[in-house]
Each structure stands twice: as C-alpha cells, then as structure tokens.
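The values are calculated or read from the model by the stated rules, or taken from the named source; none is laboratory data. This one's a predicted model, so the numbers in the text were calculated from it and none came from an experiment. Heads up, the Cβs are rebuilt from the backbone with ideal geometry, glycines too, and the neighbour counts pull from every protein chain shown.
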C-alpha cells in the first residue's frame, strides 16, 4: 500500500480508515497550527523523530480513558495531597519538560521545536491546555493536550517526582467530569495507561465517538490556580 503524501497547499487529510496496518495515514506536509488542529478533529495525530519524515497516524485499536473508569488507588490519592496544582500557567515549561525528560527505549524526542511552536499557537488560541503539579513551589510534573469538542486529546506527560504526572492526570479527570467532557484520547495503547483504567476500542468506534463529541463545545475557564 502506498502512503499518500501531503502538500502545503491544503490542510486536508485522507480518511483515517485508509491508514496502513501500522496506523500511518499520510506523510509530509507541515505542522501549521491549522493543519494540526484539523488532524486532531479527524482522529489523526503527528508522530515522528526530528530527522524522520513527518508521519500522520490513526492507530487501530485506539486507547481511550473513560472518565468514570480511572483507577484512583489509595496510594495515589494519598500522594496527591503533597502537590499543588495549576492549569494553563506554564504551558511552555510543560512542553519543554515533556520533550526533554529521558524515556525508556527512546533516544530522541518526537516533540521537536516546530511541533512545540504549533502547540504554543493552539494554546494561545485556547485549544491546547496543560495541568501542572508543584512541590514546594517547583514544577515537578504535568501533562498537556488539545481539546476537540468534548474530547481531551492527551499528548504527553512528565514527572520529576514520583506520582507527579499521575496526580496531574487525576486532577484533569476530576475537572473534565465536572465540565462535562466525554473521554480522553490516549492515542497509542500502553500498559501504563491501561493500568490506570484506559481501554482499547476500534478505530471505527473511536471515530464515531469523536465525531459525536466534536459537535458540541464546552465553555469554561481553564485558568485554575488551585484545587
């Protein structure tokens, strides 16, 4: 199967169901914020190393977190009390830490400068958001993602202290439920997220739920500086 190439004169994508067996929908194009947002609205996301071709993905199966399925274990609930939390206060710093923290079996980062710049633009537009965990006034963990209708598309998280990112995730879920969101798109299945309650669904089911959720938008203030 030949994977189609995208060009810079349009922000359109092939249908996600045209992805190859690895989940790659297309390659090429650029990371213009409008293209990036259009990708997420269609269940597609970019994922490539700095020196590799720009690849666009829609995996099958897809991992999602049903908000009521999150497993808040007693140990995490106890650990959460040592942190304070903020929303959308240090988005650039969260991006920096997500891109620079060492990860197992990963020698580089997919979150390179051009992608970070586009996320910054989407943040300024009120589309990309972050949750931050602080310990003694220092940023020690957090996560960020993009909102599409009533879906939070989780992108990346980091932790410099044990449970700092999981605590931020728990705080995010608490507020998404309060605000009326449907679910979190976790993208690619991982054992870590499955252990927190995430489940695999087919691409077809994911696209149906995404399309239903993006019909509506939710109006609320993300700028929360305490919990």
Top-ranked residue of segment 166-188 - restricted to ones that are assigned to a loop (DSSP other than H, G, I, E, B) and out of contact with any helix residue (DSSP H, G or I) (no Cβ under 9 Å at 6 or more places or on another chain), ranked as nearest to residue 205 (Cα to Cα): 188
Residue in segment 206-227 that is in contact (Cβ under 8 Å) with a residue 12 or more places away in the chain and at positive phi present: no
Considering residues of segment 75-102 that are at pLDDT below 95 and assigned to a loop (DSSP other than H, G, I, E, B) only, the residue farthest from residue 117 (Cα to Cα): 102
Residue pairs meeting the criteria (Cβ under 6 Å; at least 6 apart or on separate chains; first within 23 Å of residue 56 (Cα to Cα), in segment 179-200; second assigned to a loop (DSSP other than H, G, I, E, B)): 186/198; 188/59; 200/61; 200/189
Selected residue [closer than 18 Å to residue 113 by Cα and in a loop (DSSP other than H, G, I, E, B)] from 37, 72, 31: 31
Condition met for residue 215 (in a loop (DSSP other than H, G, I, E, B), more than 19 Å from residue 70 (Cα to Cα) and in contact with a strand residue (DSSP E or B) (Cβ under 8 Å, 6 or more places away or on another chain)): no
Considering residues of segment 129-143 that are surrounded by fewer than 24 Cβ atoms within 10 Å (Cβ to Cβ) and part of a strand (DSSP E or B) only, the residue nearest to the chain's Cα centre (by Cα): 129
Residue 111 being free of Cβ contacts under 8 Å to residues at least 60 places away in the same chain, closer than 23 Å to residue 48 by Cβ, part of a loop (DSSP other than H, G, I, E, B) and under 16 Å from the mean Cα position of the chain (by Cα): yes
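Report whether or not residue 54 is closer than 14 Å to residue 5 by Cβ, under 19 Å from the mean Cα position of the chain (by Cα) and not assigned by TED's automatic domain parsing to the domain that holds residue 123.
It is true that residue 54 is closer than 14 Å to residue 5 by Cβ, under 19 Å from the mean Cα position of the chain (by Cα) and not assigned by TED's automatic domain parsing to the domain that holds residue 123.
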